[in-house]
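What follows is a single structure, written as structure tokens, with notes after it.
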Amino acid sequence: MNPSIFPELQYLETSLYVLGAALLAAVLAGVLHRVGIMLLRRLVRNRPYITNASFIAYRASQVCLMLFAVRLVLTGAPDDTPWLVPLSYLTSVALIVALTWLAMRCIRALSATVVQLNPVSAADNLKARRILTQTRVLTRSAYFIAALLGLGFVLLTLPGARQFGASLLASAGVAGLVAGIAARPVLGNFIAGMQIAFSQPIRIDDVLIVQGEWGRVEEITGTFVVVRIWDERRLIVPLQWFIENPFENWTHTSSTILGTVFLWLDFGVPVPAVRAEFERICKQSSLWDGRVCVLHVTDANERAMQLRLLVSARDSGTAFDLRCAIREAMLAFIAGNYPDSLPRLRAALDA
């Protein structure tokens with residue numbers, strides 16, 4: 001037998017031992033992970049939100065543990081093992097990617113837990129909407145930071161990538177200035193998103209008047225806000241716009257709102273009778289929240305006088321329906337009981 005074959009057989013045997021040990025370590029890590037997750041779910045079985053969070057990060061944590069076990073085996077392998085260096089680099093990069101994935105899944109699990117503990121479906125959901133807005137904006141920011149850190153660690157692991165990065169930094173110059181100018185809208189929206197998350201001029205489900213349009217905040221992304229208009233159109237507004245421009249927020253501190261109904265009537269209308277009917281309509285309506293029900297004569301001209309009927313409701317949508325109902329009922333009452341009090345044009349004829 002040729003003696004030169006023995007080193008090759010020895011290398012092959014070493015490689016098989018290392019690969020077998022790595023495979024065995026990965027399987028044992030997967031089994032231990034599964035047992036640990038089962039024990040964790042048994043311990044927190046009365047807390048479903050923790051169980052859901054562990055389910056979200058289950059696969060990522062399993063992959064991380066298995067790759068970590070393989071990395072330990074490769075670290076303890078003999079230095080003369082074939083393909084040890086490239087395999088170690090590949091495992092290290094895969095482990096960093098898996099850890100980045102795990103970090104993003106943990107962020108998602110934390111976000112889902114916070115949302116589940118603060119349901120927006122509650123009657124008084126101001127606090128829940130505040131927390132939901134902060135959670136969504138901060139979650140997207142955390143995703144970006146985790147992905148950026150993961151990419152950075154991957155590049156630092158590879159020697160060629162480190163040299164490439166150093167050459168890029170050395171030749172930044174004008175290219176860096178151009179990139180900074182090009183990235184200004186992205187950075188501006190990122191900073192605006194952080195400002196919105198903490199100062200909260202808007203929140204999820206807030207009622208806004210944006211550029212003359214009435215709508216609700218449907219979604220806040222990392223770069224723009226989706227406003228659902230009353231007729232089911234969607235208005236897409238950059239995040240930075242809300243920092244730089246004034247707008248109306250009808251639910252910033254509370255959803256309750258005042259609504260007005262204006263009536264132009266003749267000077268001869270009996271205002272006390274109209275006021276009594278208005279109060280009766282408010283008290284019988286399920287849309288009225290019981291706070292404000294006031295009638296005032298607010299204007300007059302050469303033809304008629306203006307009555308302002310001021311009412312309150314629990315939110316803007318209810319206020320709109322209440323105003324329409326009051327306007328319809330009051331016009332029917334005046335037309336049926338005081339038809340001569342409707343606005344009319346007077347003319348004088350000289351004999």
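For this structure, a couple of remarks:
- The range 66-113: number of residues that are open to solvent by 30 Å² or more (accessible area, probe 1.4 Å), at pLDDT 85 or above and of a type in the set (Ser, Thr, Tyr): 0
- Close contacts from the range 261-280, counting a first residue that is assigned to a strand (DSSP E or B) and a second that is of a type in the set (S, T, N, Q) and surrounded by 13 or more Cβ atoms within 10 Å (Cβ to Cβ), with Cβ to Cβ under 7 Å and a gap of 6+ residues or different chains, come to 262/306; 264/306; 265/341.
- Some residue of the range 136-146 being surrounded by 17 or more Cβ atoms within 10 Å (Cβ to Cβ) and closer than 30 Å to residue 74 by Cα: yes
- Residue match in the range 278-286 (condition: open to solvent by 50 Å² or more (accessible area, probe 1.4 Å), within 16 Å of the chain's Cα centre (by Cα), among the basic types (Lys, Arg) and at pLDDT 90 or above): no
- With respect to the conditions (1) among the hydroxyl-bearing types (Ser, Thr, Tyr); (2) out of contact with any helix residue (DSSP H, G or I) (no Cβ under 8 Å at 6 or more places or on another chain); (3) modelled with pLDDT of 90 or more, residue 256 falls short on a single one, namely (3).
- Selected residue [farther than 25 Å from residue 63 by Cα, outside the structural domain of residue 57 (by the TED database) and under 21 Å from the mean Cα position of the chain (by Cα)] from 142, 128: 128
The values are calculated or read from the model by the stated rules, or taken from the named source; none is laboratory data. Values in this document were obtained by computation on a predicted structure and should not be read as measured data. Virtual Cβ from ideal backbone geometry, glycine too; neighbours counted across all protein chains shown. Quick note on the areas: whole protein, heavy atoms, side chains included, nothing else; ligands and nucleic acids left out. Shrake-Rupley method; radii C 1.70, N 1.55, O 1.52, S 1.80 Å.
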